[in-house]
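The values are calculated or read from the model by the stated rules, or taken from the named source; none is laboratory data. Keep in mind that what you see is a predicted model, and the values were worked out from it rather than measured. Cβ: placed from backbone, ideal geometry, glycine included. Neighbour counts: every protein chain shown. Quick note on the areas: whole protein, heavy atoms, side chains included, nothing else; ligands and nucleic acids left out. Shrake-Rupley method; radii C 1.70, N 1.55, O 1.52, S 1.80 Å.
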Amino acid sequence: MTTDFTATPGRSGIRRREKRDWKGWAFVGPFMVVFALVFLTPLAYAMYLSFFQEKLIGGTAFVGVDNYVRALTDPQFWEAFGRVLIFLLIQVPIMLVLALGAALALDSARLRGASFFRILIFLPYAVPAVVAVLMWGYIYGDQFGLTANVNDFLGFEALTPFAKEWMLVSIGNIVTWEFVGYNMLIFYSSLKTIPTDMYEAASLDGAGAWRTIFSIKIPSVRGALVIASIFSIIGSFQLFNEPNILRPLAPNVITTYFTPNMYAYNLSFAGQQFNYAATIAIIMGVITAVIAYVVQLRGSKTEVR
């Protein structure tokens, strides 16, 4: 916005006239167009679909919130939601603790070859998700691969990664292997922003390595921890690739509604229930947004304190 100052004849003083500058929109405009096309438009269309239903007689009909009532009383949806919630509560803390520990180790001056280990830990994230799941699927296979070889060597089934009680653990191991390096990099970057003066002051006060970690380093990466937690929560509720790719190897354990995303996908592309699938997607989007917002809000309040 630009401001012109013009003198008014016969009057003392200056009249301010403001002109709106639209140059900024020339830079933001292309992004806003793409954002509207690839995010807002599909979202609006999914919401539109969720209020309709395909009838055997009469075709598509407006049903209001009937699809939402059906979803909220659908036992398969809640079973899938409960499964990813358990996955989130167990896998995410383990992954973030491992990532934070790796970042603290790399930031320590005592570790030799820190650059090599940083690349080594981050490398799994560079592997495409499909390739990573196929690789682990081969390792997990009880009829082939490493698991089968170990069981054959021991003479009994000591490892059963595709058993019902171990499936979530097996998937959690894959996700942890994939994303520890990504979260480590977030924490490591945050650690590098800590002023060296704080370390010098702590050293003068006689603080040891553990005291420095708990009093300086961990509090300083609280913001990064909140961001990593939000990303991990969103990723957990969007769990799809790993169970969907592993399903041919364990069809009796991984059902079509193993996760909410798998449920919506199979409803849409296998069951042709596009309206109900859109409803499931909208509900999961709202739940994910609310939980992520609560985590961000609590993290911000803690950081202010």
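For segment 131-167, how many residues meet the condition of being touching a residue at least 24 places away in the same chain (Cβ under 8 Å) and surrounded by fewer than 19 Cβ atoms within 10 Å (Cβ to Cβ)? Let's see the steps before the verdict.
Let us first name the residues in segment 131-167 that are touching a residue at least 24 places away in the same chain (Cβ under 8 Å), namely 132-134, 136-137, 140-141, 162-164, 167.
Imposing the further condition that a residue be surrounded by fewer than 19 Cβ atoms within 10 Å (Cβ to Cβ) reduces the set to 134, 141, 163-164.
Final tally of qualifying residues: 4.
Taking residue 256 as the residue in question, decide whether it is of a type in the set (Val, Ile, Thr) and buried (at least 18 other Cβ atoms within 10 Å of the Cβ). Spell out the reasoning first.
Details: of a type in the set (Val, Ile, Thr): yes; buried (at least 18 other Cβ atoms within 10 Å of the Cβ): no.
Answer is no for this residue.
Do we find a residue being among the aliphatic types (A, V, I, L, M) and assigned to a helix (DSSP H, G or I) anywhere in segment 155-165? Steps first, please.
Applying the first criterion (among the aliphatic types (A, V, I, L, M)) to segment 155-165 yields 158-159, 163.
Remaining after also requiring assigned to a helix (DSSP H, G or I): none.
Taking every residue of segment 155-165 in turn, none turns out to be among the aliphatic types (A, V, I, L, M) and assigned to a helix (DSSP H, G or I).
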- [ ] Can you work out which of the residues in segment 278-292 that are of a type outside the set (Val, Ile, Thr) and surrounded by fewer than 22 Cβ atoms within 10 Å (Cβ to Cβ) is nearest to residue 73 (Cα to Cα)?
- [x] 285
Task: Subset of segment 90-120 [more than 30 Å from residue 255 (Cβ to Cβ), crowded, with 20+ Cβ neighbours inside 10 Å and under 19 Å from the mean Cα position of the chain (by Cα)] - done: 99, 100
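Here is a yes/no grid of residues against (1) in a helix (DSSP H, G or I); (2) closer than 26 Å to residue 223 by Cα:
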{"residue": "175", "(1), (2)": "yes, yes"}
{"residue": "180", "(1), (2)": "yes, yes"}
{"residue": "187", "(1), (2)": "yes, yes"}
{"residue": "194", "(1), (2)": "no, yes"}
{"residue": "197", "(1), (2)": "yes, yes"}
{"residue": "206", "(1), (2)": "no, no"}
Task: Residues (loosely packed, with under 13 Cβ neighbours inside 10 Å, without any contact (Cβ under 8 Å) to a residue 12 or more places away in the chain and not small (Gly, Ala, Ser)) located in segment 63-89 - done: 69, 73, 75, 89
Open item on the list: Criterion first (in contact with a helix residue (DSSP H, G or I) (Cβ under 7 Å, 6 or more places away or on another chain) and among the charged types (D, E, K, R)) does residue 178 satisfy it?
Closed with: yes
TODO: Considering each of 188, 182 in turn, give the residue that is within 25 Å of residue 120 (Cα to Cα) and open to solvent by 60 Å² or more (accessible area, probe 1.4 Å).
DONE: 182
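Regarding segment 194-206, can at least one residue be identified that is buried (at least 19 other Cβ atoms within 10 Å of the Cβ) and either touching a residue at least 24 places away in the same chain (Cβ under 8 Å) or aromatic (Phe, Trp, Tyr) (or both)? Lay out the reasoning, then the answer.
First pass over segment 194-206, keeping only residues buried (at least 19 other Cβ atoms within 10 Å of the Cβ): none.
The answer is no; no qualifying residue exists.
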TODO: Please list, ordered by first then second residue, the pairs with beta carbon atoms under 7 Å, 6 or more apart or interchain, first in segment 207-221 and under 14 Å from residue 109 (Cα atoms), second part of a helix (DSSP H, G or I) and open to solvent by less than 50 Å² (accessible area, probe 1.4 Å).
DONE: 212/202; 213/104; 217/104; 217/191
